[in-house]
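Colleague: Submitted below is the structure of interest, expressed as structure tokens.
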Amino acid sequence: MEKSPKIRIVSKLLASGNHQVKFFVEDEVHPRYGYLLVHGDRAVSDVIAEIRKRMELLERSNMDLNRFSFKNQWRDDHNFYLYSA
């Protein structure tokens with residue numbers, strides 16, 4: 001069974017009422033960081049679950065191939081950004 005990496009978050013309230021969440025994925029093999037735009041107030045556990053879900057979707061998809069295909073209707077997610085550290 002694969003151990004899920006630890007995720008640390010920092011939240012910033014925006015003028016729009018949304019929260020900009022900066023997160024750090026503390027994985028020994030692939031450390032990463034990113035940003036998530038969260039609408040309204042949500043619990044920390046919900047935000048971390050959302051980050052894990054989006055990371056899993058991103059890793060499972062073959063985004064680079066679907067991005068340029070007209071068949072698959074791939075859309076960029078402008079509320080979630082993930083970078084390698």
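Colleague: Semi-axes of the equivalent ellipsoid of segment 1-49: what are they in whole Å, largest first, if each equals the square root of 5 times a C-alpha gyration tensor eigenvalue? The partial results should precede the final answer.
Modeller: Values: eigenvalues 114, 27, 8 Å².
Semi-axes (√(5λ), whole Å): 24, 12, 6.
Colleague: Can you tell me the length gained on complete extension of the stretch residue 6 to residue 37, counting 0.36 nm per residue apart and subtracting the Cα distance?
Modeller: 9.2 nm
Colleague: Which percent of the accessible heavy-atom area of segment 1-56 goes to carbon and sulfur, probe 1.4 angstrom?
Modeller: 54
The values are calculated or read from the model by the stated rules, or taken from the named source; none is laboratory data. On a predicted model such as this, the values are computed, not experimentally measured, just so you know. To get the accessible areas, we keep the full protein, side chains included, count just its heavy atoms, and leave off ligands, DNA and RNA. Shrake-Rupley method; radii C 1.70, N 1.55, O 1.52, S 1.80 Å.
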